[in-house]
1. Please give the number of the condition residue A:101 fails out of (1) surrounded by fewer than 19 Cβ atoms within 10 Å (Cβ to Cβ); (2) more than 9 Å from every other protein chain (Cβ to nearest Cβ).
2. Exactly one condition in (1) within 11 Å of chain B (Cβ to nearest Cβ); (2) touching a strand residue (DSSP E or B) at 6+ places or on another chain (Cβ under 6 Å) is not met by residue A:130; state its number.
3. Which of the residues that make up region B:116-142 are under 21 Å from the mean Cα position of the chain (by Cα) and among the polar types (S, T, N, Q)?
4. Report, by residue number, each residue of region B:132-147 that is touching a Gly at 6+ places or on another chain (Cβ under 9 Å) and more than 10 Å from residue B:14 (Cα to Cα).
5. In region A:26-54, what residues are within 7 Å of another protein chain (Cβ to nearest Cβ), out of contact with any Lys or Arg (no Cβ under 9 Å at 6 or more places or on another chain) and surrounded by 23 or more Cβ atoms within 10 Å (Cβ to Cβ)?
6. Surrounded by 17 or more Cβ atoms within 10 Å (Cβ to Cβ), hydroxyl-bearing (Ser, Thr, Tyr) and more than 17 Å from the chain's Cα centre (by Cα): does that describe residue A:23?
7. Looking at the structure I just gave you, is residue A:88 within 13 Å of residue A:13 (Cβ to Cβ) and either part of a loop (DSSP other than H, G, I, E, B) or in contact (Cβ under 8 Å) with a residue 40 or more places away in the chain (or both)?
8. What's the total number of residues in region B:55-84 that are among the aliphatic types (A, V, I, L, M) and more than 8 Å from every other protein chain (Cβ to nearest Cβ)?
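The values are calculated or read from the model by the stated rules, or taken from the named source; none is laboratory data. The structure presented is a predicted model; accordingly, all values stated were derived computationally and were not measured. Here the Cβ is made from the backbone with ideal geometry for all residues, glycine too, and neighbour counts use every protein chain on show.
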2 protein chains.
Amino acid sequence: MIILGVDPGLTRCGVGVVEAGASRRLSFIHVDVVRSDPHISQDLRLLAVYNGLAAKMERFCPDTVSIERVFAQENRNTVLGTAQAAGMAMLAAAQRGIPVALHTPTEAKMSITGNGRAPKIQVERMVAQLLGLSQIPQPADAADALAQAICHALRPAGALQGGEREQHLTLAQRQWADAAHHAKASRHTRGVDRGM
Amino acid sequence: MIILGVDPGLTRCGVGVVEAGASRRLSFIHVDVVRSDPHISQDLRLLAVYNGLAAKMERFCPDTVSIERVFAQENRNTVLGTAQAAGMAMLAAAQRGIPVALHTPTEAKMSITGNGRAPKIQVERMVAQLLGLSQIPQPADAADALAQAICHALRPAGALQGGEREQHLTLAQRQWADAAHHAKASRHTRGVDRGM
């Protein structure tokens, strides 16, 4: 199953493509950033983002497009452009009959590190580790797009969305999960540091 | 000059088409509302809005598409969908090479009634009067879309917007602007892009 993740943005729109194989084994396929020139008009910027995303969908034929969910509470200066960029991704997918999934940043962190509040660097290291990359993908938009794709690949069957899953853990489950995470995180940190 | 006005919305997206003739004489051409089913997924709703707006543009071949500007401060429950619907209108216009103008509701009220804070009913009556309609167009989204189109037709000379401004460049100015863009774009590409 090929998943194309999108970290929506008008100036930089991250695109990450992974393949989820048997037993949820993940393979890296592609990462890139679609850009639009901040000095041209909004309609032409949206056209550039749309064309860039549509070209990626044509090239990689994903089974699902997984897009970071945008919230109205976000930075007022950029939230509308971000929402519109997400809209371009949704339209390009819908026109090609590709199902769209929306995941929050918390969901992505949760499925990748087991902690919905994990620091960015921890998420990025896990993205690199899960995909067997020797370096963290740059820029941040590219890593976030891969995280979106991985999040969709790793989501539990019958997945709950948003913060729901975390709320459904018992205290014991949560403590166990936290402990497992810390152990894993420190192992990973050491591992990645050696590799770089 | 044919102007297609858009009052963006995900559930109801108003479309109004007027012709601005000599001496700014206005003629009514068309008014309608493009709808999407609130019970289907967001990507399919955006596709419905995009298809509806694109069909209107194909049918009426407007010289300009005038869209109500969306602000991040608006109703949090609907603002992202509204911004995305506006994005669909911008994309459909940009794909057809139609210049896009954005006007605020205050600008529209100002140019139609002379008062940027005019009550809605006063604006609607003036829309009907200016277009020689015997009744106020229904629903409100339709009247607002006509108001957008009229606002653009009646705007003061020299108030050029967005893509329009680019069209008014001389050939030399345009070539210079293109060269500047390319230089900037290639700098960005060399510096940061990581297509893998």
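1. Going through the list (1) surrounded by fewer than 19 Cβ atoms within 10 Å (Cβ to Cβ); (2) more than 9 Å from every other protein chain (Cβ to nearest Cβ), residue A:101 breaks only (1).
2. (1)
3. B:138
4. Listed by number, the residues that qualify are B:137, B:147.
5. The answer is A:43, A:46, A:50.
6. Criteria not met by residue A:23.
7. yes
8. Result for region B:55-84: 4.
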